[in-house]
1. List, please: which pairs have Cβ atoms under 8 Å, are six or more places apart or on different chains, and start with a residue in segment 24-38 that is assigned by TED's automatic domain parsing to the domain that holds GLY168 and end with one that is open to solvent by 60 Å² or more (accessible area, probe 1.4 Å)?
2. Against the definition (within 16 Å of ligand 2 (Cβ to nearest atom) and either assigned by TED's automatic domain parsing to the domain that holds HIS310 or small (Gly, Ala, Ser) (or both)), how does VAL106 come out, yes or no?
3. Whether any residue in segment 67-78 is in a helix (DSSP H, G or I), away from ligand 2 (no atom under 16 Å from the Cβ) and open to solvent by 70 Å² or more (accessible area, probe 1.4 Å) is what I want to check.
4. For segment 282-296, give me each residue that is under 13 Å from VAL28 (Cα atoms), modelled with pLDDT under 95 and touching a Gly at 6+ places or on another chain (Cβ under 9 Å).
5. So is ASN217 in the same structural domain as ASP161 (by TED's automatic domain parsing), within 16 Å of ligand 2 (Cβ to nearest atom), at pLDDT 95 or above and out of contact with any Leu (no Cβ under 7 Å at 6 or more places or on another chain) or not?
6. Considering segment 117-136 alone, what residues qualify as being more than 11 Å from ligand 2 (Cβ to nearest atom) and touching a Pro at 6+ places or on another chain (Cβ under 8 Å)?
7. Scanning for something over 21 Å from ALA284 (Cβ atoms) and loosely packed, with under 15 Cβ neighbours inside 10 Å, does segment 173-183 turn up at least one residue?
8. So the check is Cβ under 8 Å with 6+ separation or different chains; which pairs have a first residue in segment 262-288 that's more than 28 Å from VAL106 (Cα to Cα) and a second one that's open to solvent by less than 30 Å² (accessible area, probe 1.4 Å) and part of a loop (DSSP other than H, G, I, E, B)?
Amino acid sequence: MNILGIESTAHTFGVGIITDQGKVLANVKDSYTSKDAGMILDEVSAHHKMVAEDILTQALKTAKLNWDHVDVISYSAGPGLDPCLWVGYHFAKDLAEKYHKKLVGVNHCVAHLSIGKVYNKLKDPCYLYVSGVNTQIIVFEEGKYRIIGETLDIGLGNLLDKFGRTIGLGFPAGQVIEKLAKKGNYVELPYTVKGMDMSFSGILTKCQQLYERKEANQEDLCFSIQETCFAMLAEVVERAMAHTGKQELLLVGGVGANTRFCEMLDLMCKERGAIFHKVPMDLAGDQGAMIAWEGFLRKDSYGDVEVIPHWRTDEV
Ligand code: AMP
Ligand code: MG
């Protein structure tokens, strides 16, 4: 069985094709970027509409498949940006009707977890999900995903992108910040862990103030943001693993592309005799293959659920 998945929740439009064994046959995507702004909703949804057909054609070509070989079409129903979600939904629905395929709406966050789990062949890890909007520590218990720690305000990716915008790095900024951080020294920033939760907006404000007052340079701020925020997450995840007894950690989401972040988490795991896992770059950020795999897992329990913009991980 082959499943075709469509991703459109935020800045990325992607189409992935996966087998029922979890083998990725194609994973084609195109992401909206901007030089001096963040995500302008009309522009992002227009981007998705513009690239959709081409991405789909490329995905089928890469997988060397035609529609006879596709059994299920899945799409990201949420959470995400409303206008972007509707672009993906309509695109998926039209295809499902045209080619008489089953349509399955899936949760984008859970798709990140599922693709990481199948890729690493894991049984029952503690999940750390760090993307643009989301920062969550998750475990699977009693048949449900449970969020045992999360950001109280913005996601870590959002902090990186907003700070990047302030200092003119363009969108998205995570990768550029990682480069600049290599040349930086530590300046003190607020360390805001509250029980199992954390908060990033005060760190953003502090960095913006230090930069505007010329009290710290770009490199130092990039370095210090990374060291502070990654340490905050490593602390909370370590506590989560200690309390739940999980022996494996799985990092997913776009910020998982950061080498320093992985290094810290790997060290924390090693020190407690646990194993750290991540996903390769092409499966870390938003893409269609994870939506296809989640579609396979949910094909008998979910269907056309339209769009659910605020669908939380613990509601799946
Ligand atoms: P996602 O929403 O899962 O696609 O993740 C997108 C987020 O990942 C954006 O906020 C990016 O700035 C961030 N990101 C991408 N690459 C890196 C990196 N190397 N280091 C830190 N953040 C990154
Ligand atoms: Mg995502």
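1. Close Cβ pairs (under 8 Å, with a partner that is open to solvent by 60 Å² or more (accessible area, probe 1.4 Å)) do not exist here.
2. Values: within 16 Å of ligand 2 (Cβ to nearest atom): yes; either assigned by TED's automatic domain parsing to the domain that holds HIS310 or small (Gly, Ala, Ser) (or both): yes.
Here the answer is yes, as VAL106 does meet what is asked.
3. Initially, segment 67-78 is screened for residues in a helix (DSSP H, G or I), giving 67-69.
When the remaining residues are screened for being away from ligand 2 (no atom under 16 Å from the Cβ), the result is 67-69.
Next, only the ones that are open to solvent by 70 Å² or more (accessible area, probe 1.4 Å) stay: 68-69.
Yes, because at least one residue in segment 67-78 is in a helix (DSSP H, G or I), away from ligand 2 (no atom under 16 Å from the Cβ) and open to solvent by 70 Å² or more (accessible area, probe 1.4 Å).
4. Initially, segment 282-296 is screened for residues under 13 Å from VAL28 (Cα atoms), giving 282-283, 285-292.
Checking which are modelled with pLDDT under 95 leaves us with 282-283, 285-286.
Within segment 282-296, LEU283, GLY285, ASP286 meet the criteria.
5. Numbers: in the same structural domain as ASP161 (by TED's automatic domain parsing): yes; within 16 Å of ligand 2 (Cβ to nearest atom): no; at pLDDT 95 or above: yes; out of contact with any Leu (no Cβ under 7 Å at 6 or more places or on another chain): yes.
Against the criterion (in the same structural domain as ASP161 (by TED's automatic domain parsing), within 16 Å of ligand 2 (Cβ to nearest atom), at pLDDT 95 or above and out of contact with any Leu (no Cβ under 7 Å at 6 or more places or on another chain)), ASN217 does not qualify.
6. Hits for segment 117-136 are LYS117, TYR119.
7. Initial filter on segment 173-183 (over 21 Å from ALA284 (Cβ atoms)): 183.
Those left that are additionally loosely packed, with under 15 Cβ neighbours inside 10 Å: 183.
Yes, the conditions are met somewhere in segment 173-183.
8. Close Cβ pairs (under 8 Å, with a partner that is open to solvent by less than 30 Å² (accessible area, probe 1.4 Å) and part of a loop (DSSP other than H, G, I, E, B)) amount to ALA274/LYS246.
The values are calculated or read from the model by the stated rules, or taken from the named source; none is laboratory data. The structure displayed is predicted, hence computed values, not measured ones. Reconstructed Cβ throughout: ideal geometry from the backbone, glycine too, with neighbour counts over all protein chains shown. Accessible surface is based on the protein model in full, side chains and every heavy atom, while ligands, DNA and RNA are left aside. Shrake-Rupley method; radii C 1.70, N 1.55, O 1.52, S 1.80 Å.
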